[in-house]
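The values are calculated or read from the model by the stated rules, or taken from the named source; none is laboratory data. Nothing here was measured: the structure is a model prediction, and the numbers come from that model. So basically every Cβ, Gly included, is an ideal-geometry build from the backbone, and we count neighbours across all protein chains shown. Remember, those area values only see protein heavy atoms, side chains included, never the ligands or the DNA or RNA. Shrake-Rupley method; radii C 1.70, N 1.55, O 1.52, S 1.80 Å.
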Amino acid sequence: MNSTKTIGIIGGGQLGQMMAIAAIYRGHKVITLDPAANCPAARVSEVIVAPYDDVAALRQLAERCDVLTYEFENVDADSLDAVADLAYLPQGTRLLRISQNRVHEKEFLSSTGVDLAPYRVIRSSADLGNYDFSVKRVLKTATGGYDGHGQVVIRDEESLATARDLADKTLCVLEDFVPFTMEISVIVSGNGTDLTLFPVQENIHRNNILSKTIVPARISQDLADKALQMARKIATEVQLSGTLCIEMFVAGNQILVNEIAPRPHNSGHYSIEACDFSQFDTHILGVLGAPLPAIKLHAPAVMLNVLGQHVEAAEKYVTENPSAHLHIYGKIEAKHNRKMGHVTVFSDVPDEVKEFGE
Ligand code: AMP
């Protein structure tokens with residue numbers, strides 16, 4: 001029996017690259033589709049150079065692959081459905097469509113019974129009405145937002161005017177601002193039948209970009225169990241294939257789900273060295289419908305993101321701390337705030353592991 005597959009990955013950024021590496025270890029062949037010939041995944045796979053929604057290119061990819069997957073949620077779901085007859089897409093497009101639109105995402109999450117911050121759909125500025133400032137809220141565009149883009153925290157007349165402009169341009173959701181004590185995330189992988197979960201991760205953001213992840217999250221076992229249970233509920237509801245990340249807020253003894261990403265996630269990168277299987281390993285196993293291992297964290301770990309402005313500091317850090325694991329994705333240009341790599345270190349005193357730029 002030949003169990004070697006050709007896996008097509010839509011998107012050749014760092015997530016596509018790390019997925020490809022996990023697949024290659026197992027003997028699979030990988031072809032990625034990306035608009036940039038020199039994308040990170042080009043170092044480890046053949047690349048079909050085309051826009052993500054180019055149906056002819058997707059068709060070519062699908063014809064050459066046994067299984068298709070994607071590295072990010074803004075893949076055009078209709079284009080994917082259009083090639084579904086050519087290659088197996090175990091993840092389907094339902095979860096993709098849900099996570100592409102905050103309105104669908106909130107409706108779906110509410111239907112699973114997990115807790116979320118109170119929200120309402122805003123179709124135009126008229127829906128903001130005679131605005132009541134007594135509760136702090138955040139307006140988020142339904143589509144196209146990432147790392148805090150497309151969001152306005154409404155705190156005064158000036159931010160309300162910005163929010164009204166945004167609401168007249170595009171569909172939005174207005175949600176209560178959560179006075180969280182911690183942001184956490186849970187990575188879960190599925191093979192269509194069974195699930196495997198990673199430990200709860202604690203996330204620290206700077207300017208809405210992930211800066212540091214601490215595992216295990218410094219929360220009570222009760223809260224961790226609650227977070228894992230919510231992740232399990234969501235993954236079960238969609239009969240998960242591949243890896244999914246669920247981002248949540250801890251507020252008192254409550255866990256509120258913020259958003260989901262149907263792919264490996266920056267907050268799970270530590271798993272490459274700190275767990276016996278990484279979120280990329282389980283993604284590949286999951287989309288191939290293979291049995292999934294239970295995940296073991298070898299020791300408490302910290303992941304630091306390396307943005308464009310941090311590359312030199314990260315290189316200096318690893319020369320001074322040779323047991324730190326440096327990952328550099330091979331992006332051609334080190335732009336400000338662009339994710340260029342990450343560092344994982346084992347530490348049970350996470351406060352002593354300083355973020356780059358801190
Ligand atoms: P998002 O794009 O929804 O992940 O939001 C980016 C970041 O904005 C989150 O990681 C939080 O730090 C913050 N944020 C988003 N929504 C809320 C909220 N309802 N309450 C408090 N902070 C929020």
Worksheet item: Applying the selection to the stretch 175-205, what residues are more than 19 Å from the chain's Cα centre (by Cα) and buried (at least 19 other Cβ atoms within 10 Å of the Cβ)?
Response: GLU175, VAL178
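Go through the stretch 200-215 and give me each residue that's in a loop (DSSP other than H, G, I, E, B) and within 10 Å of the ligand (Cβ to nearest atom). Working first, answer last.
Residues of the stretch 200-215 that are in a loop (DSSP other than H, G, I, E, B), as a first pass: 200, 207-208.
Answer for the stretch 200-215, where residues must be in a loop (DSSP other than H, G, I, E, B) and within 10 Å of the ligand (Cβ to nearest atom): ASN207, ASN208.
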Worksheet item: Does GLU73 fit the bill of being in contact (Cβ under 8 Å) with a residue 12 or more places away in the chain and within 12 Å of GLY8 (Cα to Cα)?
Response: no
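Could you tell me which residue of the stretch 243-270 is surrounded by the most Cβ atoms within 10 Å (Cβ to Cβ), considering only residues that are of a type in the set (Gly, Ala, Ser) and out of contact with any Asp or Glu (no Cβ under 8 Å at 6 or more places or on another chain)?
Taking the stretch 243-270 and keeping what is of a type in the set (Gly, Ala, Ser), we get 251-252, 261, 267-268.
Those left that are additionally out of contact with any Asp or Glu (no Cβ under 8 Å at 6 or more places or on another chain): 251-252, 268.
Values: ALA251: 15, GLY252: 9, GLY268: 30.
Result: GLY268.
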Practice prompt. Note down all Cβ pairs under 6 Å where the first residue falls in the stretch 216-243 and is in a loop (DSSP other than H, G, I, E, B), the second is surrounded by fewer than 18 Cβ atoms within 10 Å (Cβ to Cβ), and they're at least six residues apart or on different chains.
Written response: GLN239/GLY192
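Quick grid of which residues meet (1) under 16 Å from the mean Cα position of the chain (by Cα); (2) in a helix (DSSP H, G or I):
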site: ILE255; (1), (2): no, no
site: ARG263; (1), (2): yes, no
site: PHE277; (1), (2): no, no
site: LEU285; (1), (2): no, yes
site: ALA294; (1), (2): no, no
site: HIS310; (1), (2): no, yes
site: ALA313; (1), (2): no, yes
site: THR319; (1), (2): no, yes
Response to the item:
The residue that is nearest to the ligand (Cβ to nearest atom), considering only those in the stretch 153-174 that are under 24 Å from PHE72 (Cβ atoms) and touching a helix residue (DSSP H, G or I) at 6+ places or on another chain (Cβ under 8 Å), is VAL173
Worksheet entry | Residues that are more than 16 Å from the ligand (Cβ to nearest atom) and not charged (D, E, K, R), drawn from the stretch 235-258 | ALA235, THR236, VAL238, GLN239, LEU240, SER241, GLY242, THR243, ASN253
Discussion item. Under 7 Å between Cβ atoms, which residue pairs at least 6 apart in sequence (or on different chains) link something in the stretch 156-183 that is acidic (Asp, Glu) with a partner that is modelled with pLDDT under 95 and part of a loop (DSSP other than H, G, I, E, B)?
Written reply: ASP176/VAL135
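Among helices (runs of 4 or more DSSP H) lying entirely in the stretch 70-143, which contain 3 or more residues that are within 16 Å of the ligand (Cβ to nearest atom) and surrounded by 14 or more Cβ atoms within 10 Å (Cβ to Cβ)? It would help to see each step written out before you state the result.
Details: elements: 77-82, 94-99, 102-112.
Hits in the stretch 70-143: 102-112.
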Worksheet entry | Where a residue in the stretch 308-324 is without any contact (Cβ under 8 Å) to a residue 24 or more places away in the chain and open to solvent by less than 50 Å² (accessible area, probe 1.4 Å) and its partner, wherever it lies, is part of a helix (DSSP H, G or I) and not acidic (Asp, Glu), with Cβ under 7 Å and at least six apart | ALA324/TYR317; ALA324/VAL318
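Could you tell me whether any residue of the stretch 284-298 is open to solvent by less than 40 Å² (accessible area, probe 1.4 Å) and within 16 Å of the ligand (Cβ to nearest atom)?
First, the residues of the stretch 284-298 that are open to solvent by less than 40 Å² (accessible area, probe 1.4 Å): 284-287, 290, 292-293, 295.
From what's left, within 16 Å of the ligand (Cβ to nearest atom): none.
Checking the stretch 284-298: not a single residue is open to solvent by less than 40 Å² (accessible area, probe 1.4 Å) and within 16 Å of the ligand (Cβ to nearest atom).
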Item to complete: Name every residue in the stretch 149-174 that is under 21 Å from the mean Cα position of the chain (by Cα) and of a type in the set (S, T, N, Q), in order of residue number.
Response: GLN151
